[in-house]
Every structure is written in structure tokens, then in C-alpha cells.
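Bear in mind these aren't lab numbers, they're just calculated from the coordinates by the rules spelled out. Keep in mind the model is a prediction, meaning the values are calculated, not measured. So basically every Cβ, Gly included, is an ideal-geometry build from the backbone, and we count neighbours across all protein chains shown.
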Amino acid sequence: MNDEDKPDNVPDGRAAVGKTAGVPEGAGEVPTAPASPLEQLQRDLEEAMKSAQVYKDQFFRKAAELENYKRRSEAEYLNLVRNANEGLINALLPIVEDLTRSLKAGSSQADVEAFYRGVELIYQKLMKVLEAQGLAPFDSAGTQFDVDYHDALLQVARDDVPPGTVVEEIARGYKLNDKVLRHARVIVSAAVQAESAPEASGTPGTPPESKESTQH
């Protein structure tokens, strides 16, 4: 009998080979037993240790980066401090050269007035450079003594000015960008001490006793 002559409801024996009627597929597999609490705890611990190792590596890497950054920052700061006055020194060098030339010319020059004018011009040039850096002198003579601006070297009795007045400036004071760089050293006035009057005999307002005794 050919396959074409078989009725449709007859099962193919080849297709049924190796199959058991009524047994579902996968029924022969051994089911996995659920993990015990101890095994689950062991797995969680292993995962936590792996995560901890990752964080530890990241920590050490970031710590090394931070240390390198600190070293670079310190080196840059030291370099900045070391060269902070570079601009000021470059501005002062021409003045140093002017002073050198003036001293050399003044040693063989008889004209004192011309030498003085030359030194005065150099002084003005120096003050312009310092003022450009924020330096400014302040006047103290004739002002009231202020501990924030003055250092008193001496007090002198004066009756022509109020006590505590700066009557002489020994060394000028300077401010740098509105901050007192150096206090002015000054002499300050003090009140004149009044001389004590001689003590009068008798009680004031009471006439002296008569030498004659009263007769009763």
C-alpha cells in the first residue's frame, strides 16, 4: 500500500517513534530545587564583594587624581607667588638705571642744583610707578591722632592746638589699595598742665581775725 492510499486518520508510525502517548514535552527534565537561604546569602555576599571591589578601584583612582591635582595646584601657586612682583620689578628697573646714571654723573658734576633736579625727576618717576600699583601716601600733620593710621613716638605739651593733634610727621604713612600699608610715625600734642596756685591763708570769703580781743 502506498502512502497516498493510507487514510488521513491513520497516524504515521515514523512520527510517533520516540514519543509516548499522553506525556508532555520536557516532562523528563529534573526540576531545579530552590536555593536555600544560606546559598542565597552566599550569592548576595559574592555580588556585594564584587561591587565593593569596583568601588574600591574607583576610589583609589579618584584619590590618585586628586593627589595629582593638589600637586599641580601647589606648584602653580608657588610659581605665581614667586613671580608675583615680576611686573613691578620690570617697571622699577628703568628707575634704577636712572639713579645709577645720576650718581655717576653727580660724582663729577659741580652743579648741585642740576643734580638735585635730576634726582627729583627720578623720584617723581618712581612715585608714578608705585601709585600705578595702588600705593598712596596720606597726610597726617594737623589731623587728629588715629591709632588706625598713626604711631605716636612722642607727646609734647602744646596750648595752640587741641590735645591729640598730630603736630609733626616723622615718617610718612602709606596705603595700598585703601589698606594701611605703613602707619605714619608722628608727634602728638598733649594738654598743658596748669600750675597749682599758692594756698591762701584763712578760709576763702572770711575776713581775717582781728588781733584785738573782744572786751565784755
Exercise. Over all distinct Cα pairs, what is the inverse of the mean 1/r for the range 136-193, reported as the Kirkwood hydrodynamic radius in Å?
Worked result: 11.4
For this session: Considering the convex hull of the alpha carbon atoms of the range 26-171, report its projected area averaged over all viewing directions, in nm², one decimal.
Result: 25.0
Exercise. For the pair residue 180 and residue 80, what calculated FRET efficiency results from E = 1/(1 + (r/R0)^6), where r is the Cβ-Cβ distance and R0 = 25 Å, to the nearest 0.05?
Worked result: 0.50
Seminar exercise, completed: XL table 70/175; 128/179; 50/70; 125/175; Cα-Cα > 23 Å flagged, in table order, is 70/175; 50/70
